[in-house]
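The structure appears below as structure tokens.
Only the coordinates and a few stated rules stand behind these numbers; no lab work does. This one's a predicted model, so the numbers in the text were calculated from it and none came from an experiment. Neighbour counts are summed over all protein chains in view; Cβ atoms, including those assigned to glycine, are modelled from backbone coordinates with ideal geometry.
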Amino acid sequence: MVLLNFFHFFHYTYFFVTMQTTDLIDQPATMALAAFASSLTLDQIPAELVDSVKLHLLDGIGVALYGSQLPWTQHVAHIAMAEGCTPVATLLGDGRRTSALNAVLVNATAGHAFEMDDIHKNSVLHPNSLGVPVALALAEAHPGIGGVDVITALTAGTEIGVRVGNAATTALFLNGFHPQGTTGAFVSAAAAGRLLRLTPGQMQHTLGIAGSMGAGLMAAQEGAMVKRLHAGRAAQAGLQAALLAQQGFTGIENILEAGYGGFLSAFARTCKPERLLDGLGTDWEAGKVGYKMYPNVTSIHAALDAMKALMREYGLNASDIDRIEVGCGHMTYVHTAWPYEPKGVTAAQMNLFYGLAVMALRGSVSAGDYAQARIADPEIMDFISRIHPFEDEMIESRGAEARHAARLQVKTKSGQLLSHDVWARRGSPENPVIPEEVKEKFFANSSHLLNKTTAQELVRQVLILESLDSLEGIISLLKEERT
């Protein structure tokens, strides 16, 4: 027994020491990413990416305005305002002002409040609900921050954050962690650090602090309001990390590559650390962010596109349909194909059965379909029994790039078998929407708060962002009297 105990002690001590002293990769990746983020300038960013960043800023403002009126955001706003902080930054869709940290907490919660924020497929991140609130809060608190600063900061934040997510792979998600709340802290941290003009060393500590502060568990998707807060906490954590590093506070200097207790080794465990730096500065991950054109989880968008296409092509109604078979990849299956129960709006938005039933019954899917009063509609609950998802080997064999694909087959009551495959959902980089469609989405999301003239002027100013010496005009438009 003594010998056995000694063996166990030796084994675990050896394991602990080995993990402590061995990095995942030889390259100092955290340092390299920090140097990149802190030194990025507008002339290093491709022109088409600059245009994309501005559209994602507009989209981020719109989804936050819509989300600002939802109960979960208002709960967070109530807590933030009760603190009575020095008012330097505005709550979107509200007009009240609080500290930058509290404004970011509330506005990022609003940005992720209704599943309409943008999406980077491989990292499973929604960058605009993380970076935009930081940019707006700091630009209001520090009027010297101009449009060029915001473009470079949002680019840096997105580039760093999604690279961390790429390296973590979907393993982080499948281990039960919400990427938006965990990996998301790197988006806001790098954006905040760039806006505060931190040195490379300070930026390295910013990343090292932020990676210790993000949190979020995926069980929240089955009905809890707290899923929305994950984005708020991650955005706030990133800003707080930058402010602390600015004061000399230190973080984990090798947080990304550390073999024991590092971000990737702890959250993902099986990861691809080489993806942190591959193509940095030439292959822009920030340019691979798509838009959401349905207000629900991205993983079901291809199935919704396929269902809509079949209904239009064959003139189908729900009453014609006997059975729907949905082939999807493993992660989509795990993420969305769990038995639906109407536990709340979040559960409906994250569920494949609910979304497809709505599309089959109503021919479209919109924000109104996720009203609390509609998520237990008996007609939807009854139709769900006709939907049969499965893990599709053909999709899975194509790897991570096909993660959002769907292969749909509908059997009609007359015996027809109709099929439609969607390998790239509408709004993805592979199947993009045009800028006018992004603007229309913004107008729809902001229409309950901004009059048409204000909304149009806000669009105009965002699209000439690089020429603005400050964001005072944009922020004043966002503070105008509500419609």
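Phi-derived couplings, Karplus 6.51 cos²θ - 1.76 cosθ + 1.60 at θ = phi - 60°, listed residue by residue for segment 89-98: 9, 8, 7, 4, x, 10, x, 6, 10, 8 Hz, with x used for Gly and Pro. Each peptide in 82-92, 117-127 was scored by the mean count of other Cβ atoms within 10 Å over its residues; highest first, the order is 117-127, 82-92.
Ranking Leu465, Leu417, Phe442 by Cα position along the charge dipole of segment 405-466, where only Lys, Arg, Asp and Glu carry charges on their C-beta atoms, puts Leu417 farthest toward the positive end. Gain on full extension, evaluated as 0.36 nm per residue between Glu472 and Trp423 minus their Cα-Cα distance, stands at 13.4 nm.
In order along segment 77-86, the phi-based Karplus estimate (6.51 cos²θ - 1.76 cosθ + 1.60, θ = phi - 60°) of 3J(HN,Hα) comes to 4, 4, 5, 4, 5, 5, 6, x, 6, 4 Hz; Gly and Pro are listed as x. Binning all Cα-Cα separations of segment 29-143 at 5 Å, short to long from zero, yields these whole-percent fractions: 2, 12, 19, 20, 19, 14, 9, 5, 1.
For Ala34, neighbours were defined as the other residues whose beta-carbon sits under 13 Å from its Cβ, and their charges (Lys and Arg +1, Asp and Glu -1) total -1.
Taking amide hydrogens as placed 1.01 Å from N in the peptide plane, the amide H of Phe177 sits under 5 Å from those of Met218, each at least 5 positions away in sequence or on another chain.
Here, segment 29-291 yields an orientationally averaged convex hull projection of 12.0 nm² when only Cα atoms define the hull. Around the amide H of Ser419, modelled in the peptide plane, lie the amide H atoms of Val410, all under 5 Å away and 5 or more residues distant in sequence or on another chain.
Can you tell me, using C-alpha contacts under 8 Å and at least 6 residues apart, the relative contact order of the chain as a whole percent?
Details: 1005 pairs, mean separation 93.6, N = 483.
With pairs under 8 Å counted, the relative contact order is 19 percent.
Only one residue of Ala245, Ala235, Leu304 has its Cα farthest out toward the positive end of the dipole of segment 227-310, where Lys and Arg carry +1 and Asp and Glu -1 on Cβ, and that residue is Leu304.
Among 100-111, 450-461, 144-155, sorting by the average number of other beta carbon atoms lying within 10 angstrom of each residue, highest first, gives 100-111, 144-155, 450-461. Put the Cα centre of segment 360-381 next to the Cα centre of segment 270-291 and the gap is 37 Å.
A simple packing score, the average count of other Cβ atoms within 10 Å per residue, orders the peptides 328-336, 438-446 as 328-336, 438-446, with the highest score first.
To the nearest 20 debye, what charge dipole does the chain have about its Cα centre, counting +1 at the Cβ of each Lys and Arg and -1 at the Cβ of each Asp and Glu?
Working: 35 positive and 47 negative charges, 155 e Å.
I would put it at about 740 debye.
Looking at the P(r) of segment 354-483, how many percent of alpha-carbon pairs lie beyond 17 Å? So the portion of pairs separated by more than 17 Å is 74 percent. Relative intensity of segment 120-190 on a log10 scale, I(q)/I(0) at q = 0.23, 0.24 Å⁻¹, equals -0.88, -0.94, per a Debye sum over C-alpha point scatterers of equal strength in the absence of solvent. Where Rh is the Kirkwood radius over the Cα pairs of segment 280-414, the temperature 20 °C and the viscosity 1.002 mPa s, what D in µm²/s does Stokes-Einstein return? Once the numbers are plugged in, D ends up at 138 µm²/s.
Relative to its Kirkwood radius, the Cα radius of gyration of the chain gives an Rg/Rh of 0.99. Charge tally for Leu105 (other residues, Cβ to Cβ under 12 Å; Lys, Arg +1; Asp, Glu -1): +1.
Measuring between alpha carbons in the structure, the pairs from Lys227/Lys441; Lys227/Lys439; Lys343/Lys439; Lys272/Lys308; Lys121/Lys441 lying more than 25 angstrom apart are Lys227/Lys439; Lys343/Lys439; Lys272/Lys308.
Using only DSSP helix segments of four residues or longer, with each worth -39500 (n - 2.57), what per-residue ellipticity at 222 nm results for the chain after dividing by its residue count and rounding to 500? That calculation yields -15500 deg cm²/dmol at 222 nm. Size descriptors for segment 160-271, from the alpha-carbon set: Rg then Dmax equal 13.3, 42 Å.
What net charge do the residues around Ala77 carry, taking every other residue with its C-beta under 9 Å from that of Ala77, with Lys and Arg at +1 and Asp and Glu at -1?
Details: positive: Arg96; negative: Asp94.
Charge balance in the 9 Å sphere: 0.
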